[in-house]
Number of protein chains: 2
Amino acid sequence: MRENLPDGALLTDPDLTAGYKQDWARDPDAVTPLAVVRATSTADVQTVLRWASEHGVPVVPRGAGSGLSGGATAVAGGVVVTTERMRAIEVDPVTRTAVVQPGLLNTEVKKAVAEHGLWYPPDPSSFEICSIGGNAATNAGGLCCVKYGVTTDYVLGLEVVLADGTAVRLGGPRLKDVAGLSLTKLFVGSEGTLGIITEITLRLIPAQPPQATVVASFSSIEDAAGAILEITRSLRPSMLEFMDRVAINAVEDEMKMGLDRDAEALLVARSDAPGAFAAQEATTMADVFTAHDATEVFSTDDADEGEAFCAARRFAIPAVELKGSLLLEDVGVPLPQLAALVTGIAEIAKTRDVMVSVIAHAGDGNTHPLIVYNADDPDMTERANLAFGEIMDLAIALGGTITGEHGVGRLKKAWLPDYVGEDVMALTRKIKDALDPQGILNPGAVL
Amino acid sequence: MRENLPDGALLTDPDLTAGYKQDWARDPDAVTPLAVVRATSTADVQTVLRWASEHGVPVVPRGAGSGLSGGATAVAGGVVVTTERMRAIEVDPVTRTAVVQPGLLNTEVKKAVAEHGLWYPPDPSSFEICSIGGNAATNAGGLCCVKYGVTTDYVLGLEVVLADGTAVRLGGPRLKDVAGLSLTKLFVGSEGTLGIITEITLRLIPAQPPQATVVASFSSIEDAAGAILEITRSLRPSMLEFMDRVAINAVEDEMKMGLDRDAEALLVARSDAPGAFAAQEATTMADVFTAHDATEVFSTDDADEGEAFCAARRFAIPAVELKGSLLLEDVGVPLPQLAALVTGIAEIAKTRDVMVSVIAHAGDGNTHPLIVYNADDPDMTERANLAFGEIMDLAIALGGTITGEHGVGRLKKAWLPDYVGEDVMALTRKIKDALDPQGILNPGAVL
């Protein structure tokens with residue numbers, strides 16, 4: 001394989017390869033890989049997969065390594081293929097599309113298209129450190145998805161290298177194309193189990209208008225949940241985020257913004273309706289918050305002030321992480337079940353005697369319960385892990401999903417059969433076996 | 001099979017089954033099916049597929065029979081399963097979703113959700129006669145897709161009966177769900193080759209605001225194409241439609257609207273921006289038309305007046321059909337190639353000595369060249385068929401697709417390998433074989 005790769009692409013020195021052992025999920029089962037290939041081109045990825053399929057060697061695809069479900073955990077005797085060096089982008093303002101290589105960060109895509117007055121909406125909280133390839137592989141979400149949809153809604157085409165090293169082009173810069181099966185959409189969210197994405201054609205939209213922001217505190221989860229339901233049934237906020245008391249206090253500890261430490265819930269809502277409609281929609285949301293007994297409501301159409309509250313929400317995870325080690329959950333429920341989910345999680349936290357802070361993309365029912373524990377305490381670690389599973393069980397019982405945007409990876413795969421059922425698992429396995437009969441693509445992830 | 005179906009569901013009388021021989025594509029290869037099952041439930045569909053897989057009998061799924069690519073052409077010795085009697089709908093305004101059975105017409109879905117102040121955007125020109133199940137099976141498009149996307153963008157979940165009769169639930173009423181492969185999206189647009197859709201969970205959005213409408217005539221295709229490009233790169237019209245001279249005259253013959261019969265192109269554009277922004281965006285579009293040498297520009301924010309122009313555009317196909325038999329094309333290109341496509345089609349028409357009228361969802365590059373011929377003239381029929389293929393060849397050469405919204409069905413499958421290439425065909429066949437090893441699901445369609 002080495003002779004067909006550019007100089008420096010193949011790493012086998014354990015001092016170097018150890019850095020590619022884990023993603024942000026810090027999977028304890030990770031091992032140092034046999035080798036790491038820092039691909040510079042589609043041809044490099046093909047070289048690895050041709051070699052791997054010939055020798056039956058597992059291949060773990062890796063973007064920026066910011067995944068939270070262990071989708072890029074290195075496996076024993078396997079090769080990690082990282083796309084971090086594939087960073088080209090071409091923006092076509094006429095067709096409003098961009099052709100990007102997978103290694104570019106989400107924020108870099110946003111910046112490159114913004115130069116043409118365009119916008120790539122999906123915005124995971126990790127947008128400054130996650131790659132667009134990883135976004136496509138996991139069908140990543142974010143904060144604006146409540147109005148603008150998720151990654152798959154913006155993927156028009158892909159180049160994918162299949163298990164045997166064949167590179168295929170699927171879709172392309174056409175808004176409508178129904179010729180053949182929807183293969184593009186099948187590969188989005190497939191977490192590297194069906195192929196390695198080497199190029200993505202993205203649909204773009206005109207730049208987002210300025211946003212107005214409303215922040216409200218509530219003395220009960222139910223009040224906040226009621227306000228969320230009333231807003232989502234009648235308006236289209238461009239953001240509708242939730243933080244619980246633990247998160248509010250963790251953020252306030254660090255950022256000193258004057259957040260109400262006694263509140264049980266904080267909602268941050270935004271509107272990007274055009275012109276004066278943004279302020280008008282913000283006022284309507286403020287009225288809804290007041291009607292649902294918000295203890296404090298603050299509105300602003302100042303961009304910096306609004307951004308400060310969004311930054312506070314995005315900082316919630318690192319802020320809570322300062323309290324201990326985290327198990328980061330990602331369960332989602334149909335909106336009417338949001339209060340039941342948050343309340344149920346509090347019960348699990350009590351029973352298991354661990355701290356669980358809930359933050360959420362409330363407008364689309366996608367929550368991130370953060371289980372805080374002391375990793376040096378084996379008993380507490382055990383209880384945290386039990387809570388992690390019980391939260392997924394609860395989400396399933398409420399008609400929800402075990403993962404709204406992070407993916408199944410390795411950390412959640414034990415719960416996938418409970419969620420989708422055996423028939424869907426069998427269907428999934430048929431497709432996996434058809435496309436990767438040797439099972440060399442990201443083995444142990446999802447399935 | 002009969003004993004497991006409700007009374008009247010199974011038709012075998014050729015006088016009755018003959019009505020299920022063809023869809024609107026009028027595939028000349030269609031034969032009267034062995035039987036027709038008018039399913040009333042998912043269980044009925046399961047009954048048919050269990051029996052068919054046991055006996056190796058082909059099954060052709062059928063919605064309203066309005067397909068234009070022969071996706072529902074009955075095959076020799078096969079059973080047609082029609083979902084026309086499965087017509088339930090439940091709308092949930094809180095989660096902004098609807099759970100619908102496949103037999104409901106698109107217009108009936110729109111009306112049912114409108115009662116809750118909600119909107120299901122996808123709007124094929126045939127929306128009054130096509131079923132939502134057929135829309136999902138073909139990933140149907142329409143006129144508002146230029147702003148609002150296509151059917152797959154609104155499908156959150158499906159119930160699908162697989163080849164062996166197993167019913168699976170995929171996705172559901174959750175805006176974010178990345179647990180497992182994106183199977184929902186794989187079945188959307190699969191044209192009945194992987195399973196039969198028996199229930200659809202749709203994402204809805206708030207009712208569309210009132211639209212402002214601009215109509216403009218041009219003395220050259222290039223002027224019109226230039227205006228289209230300038231609009232799509234800077235604005236988000238809710239509709240941007242094109243009619244050529246033949247279509248303008250065919251419509252004017254019937255509707256007497258005072259359209260400019262000497263114009264080479266007519267564009268109908270709409271804006272649904274909120275409040276006064278709609279009229280403002282319409283004015284901007286009118287200015288663009290004028291700057292691109294439109295010979296006539298007319299704007300209105302009167303709903304009835306605007307709807308009249310849309311009705312004229314939707315009437316173009318029946319109006320042109322009055323001139324002779326039609327072969328209805330559906331090719332799409334990246335927008336900058338639109339003028340080259342239209343010009344190239346005119347050359348094909350000249351060479352083959354047939355009339356071809358082009359209408360188009362111009363804003364997304366999806367065109368419907370209408371090949372007019374005399375079905376009683378074998379030589380002309382032959383030339384029309386040659387033109388049909390040459391138009392697809394041209395679209396492929398221009399980086400376009402052989403079908404933007406109608407599907408491949410049986411009429412276009414000979415061109416699919418030219419368009420997607422042998423590697424993608426092989427990949428497609430792997431998935432088909434994995435899910436339908438006996439090949440009983442809609443054999444002869446797509447593959």
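The values are calculated or read from the model by the stated rules, or taken from the named source; none is laboratory data. Please read these numbers as outputs of a predicted model, since none were measured by experiment. Glycine gets a Cβ as well: all are built from the backbone with ideal geometry, and neighbour counts include every protein chain shown. Areas reflect the complete protein model, heavy atoms only, side chains present, ligands, DNA and RNA absent. Shrake-Rupley method; radii C 1.70, N 1.55, O 1.52, S 1.80 Å.
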> For residue A:154, which of the numbered conditions (1) of a type in the set (Phe, Trp, Tyr); (2) closer than 24 Å to residue B:183 by Cα; (3) surrounded by fewer than 22 Cβ atoms within 10 Å (Cβ to Cβ) fails to hold?
Replying inline: (3)
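Quick grid of which residues meet (1) β-branched (Val, Ile, Thr); (2) touching a His at 6+ places or on another chain (Cβ under 9 Å):
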{"position": "B:131", "(1), (2)": "no, no"}
{"position": "B:142", "(1), (2)": "no, yes"}
{"position": "B:150", "(1), (2)": "yes, no"}
{"position": "B:153", "(1), (2)": "no, no"}
{"position": "B:156", "(1), (2)": "no, no"}
{"position": "B:163", "(1), (2)": "no, no"}
{"position": "B:168", "(1), (2)": "yes, no"}
> in contact (Cβ under 8 Å) with a residue 40 or more places away in the chain, within 14 Å of chain A (Cβ to nearest Cβ) and within 14 Å of residue B:246 (Cα to Cα): does that describe residue B:368?
Replying inline: yes
> Which condition number does residue B:342 fail, the rest of (1) modelled with pLDDT under 95; (2) open to solvent by 10 Å² or more (accessible area, probe 1.4 Å) being met?
Replying inline: (1)
>> Being hydrophobic (A, V, I, L, M, F, W, C), open to solvent by 20 Å² or more (accessible area, probe 1.4 Å) and either over 24 Å from residue B:127 (Cα atoms) or in contact with a helix residue (DSSP H, G or I) (Cβ under 8 Å, 6 or more places away or on another chain) (or both) is the requirement here; does residue B:59 meet it?
In response: no
> residue B:268 passes all but one of (1) in contact with a Cys (Cβ under 7 Å, 6 or more places away or on another chain); (2) open to solvent by 10 Å² or more (accessible area, probe 1.4 Å); (3) in the same structural domain as residue B:251 (by TED's automatic domain parsing); which number fails?
Replying inline: (2)
>> Being more than 23 Å from the chain's Cα centre (by Cα) and of a type in the set (Lys, Arg) is true for just one of B:50, B:26, B:62, B:85. Which residue is that?
In response: B:50
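One line per residue, one yes/no per condition, for (1) open to solvent by 10 Å² or more (accessible area, probe 1.4 Å); (2) more than 8 Å from every other protein chain (Cβ to nearest Cβ); (3) farther than 25 Å from residue A:341 by Cα; (4) touching a helix residue (DSSP H, G or I) at 6+ places or on another chain (Cβ under 8 Å):
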position	(1), (2), (3), (4)
A:395	no, yes, no, yes
A:405	yes, no, no, yes
A:409	no, yes, no, no
A:427	no, no, yes, yes
A:434	yes, no, yes, yes
> Among the residues of region B:135-155, how many are in contact with an Asp or Glu (Cβ under 8 Å, 6 or more places away or on another chain) and either assigned to a strand (DSSP E or B) or closer than 30 Å to residue B:53 by Cα (or both)?
Replying inline: 4
>> Step by step: first the residues of region B:179-204, then only those that are within 9 Å of another protein chain (Cβ to nearest Cβ), open to solvent by less than 10 Å² (accessible area, probe 1.4 Å) and among the hydrophobic types (A, V, I, L, M, F, W, C), then the one that is nearest to residue B:80 (Cα to Cα). Which residue is that?
In response: B:194
> When you look at residue B:175, is it open to solvent by less than 10 Å² (accessible area, probe 1.4 Å) and at the interface with chain A (Cβ under 7 Å from one of its Cβ atoms), yes or no?
Replying inline: no
> Is it the case that region B:241-254 has a residue that's outside any helix (DSSP H, G or I) and at pLDDT below 95?
Replying inline: no
> Counting only residues that are among the β-branched types (Val, Ile, Thr) and either modelled with pLDDT under 95 or not in a helix (DSSP H, G or I) (or both), how many does region B:373-407 have?
Replying inline: 3
>> Given the condition under 30 Å from residue B:227 (Cα atoms) and not assigned by TED's automatic domain parsing to the domain that holds residue A:39, answer yes or no: does some residue in region A:179-191 qualify?
In response: yes
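Conditions (1) within 28 Å of residue B:315 (Cα to Cα); (2) more than 14 Å from chain A (Cβ to nearest Cβ); (3) crowded, with 21+ Cβ neighbours inside 10 Å; (4) among the β-branched types (Val, Ile, Thr), marked per residue:
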| position | (1), (2), (3), (4) |
| --- | --- |
| B:116 | no, no, no, no |
| B:126 | yes, yes, yes, no |
| B:129 | yes, yes, no, yes |
| B:135 | yes, no, yes, no |
| B:161 | no, no, yes, yes |
>> Being more than 25 Å from residue A:444 (Cβ to Cβ), open to solvent by less than 20 Å² (accessible area, probe 1.4 Å) and part of a loop (DSSP other than H, G, I, E, B) is the requirement here; does residue A:215 meet it?
In response: no
>> For the structure I just gave you, tell me whether residue B:263 is assigned by TED's automatic domain parsing to the domain that holds residue B:297, in a helix (DSSP H, G or I) and touching a Ser or Thr at 6+ places or on another chain (Cβ under 7 Å).
In response: no
> From the list B:88, B:74, B:98, which residue is surrounded by fewer than 22 Cβ atoms within 10 Å (Cβ to Cβ), at pLDDT 95 or above and either of a type in the set (A, V, I, L, M, F, W, C) or assigned by TED's automatic domain parsing to the domain that holds residue B:23 (or both)?
Replying inline: B:88
> Can we say residue A:52 is outside any loop (DSSP other than H, G, I, E, B) and farther than 30 Å from residue B:232 by Cα?
Replying inline: yes
> Quick one: in region B:137-152, which of the residues that are among the hydroxyl-bearing types (Ser, Thr, Tyr) and closer than 20 Å to residue B:62 by Cα is farthest from the other protein chains (Cβ to nearest Cβ)?
Replying inline: B:151
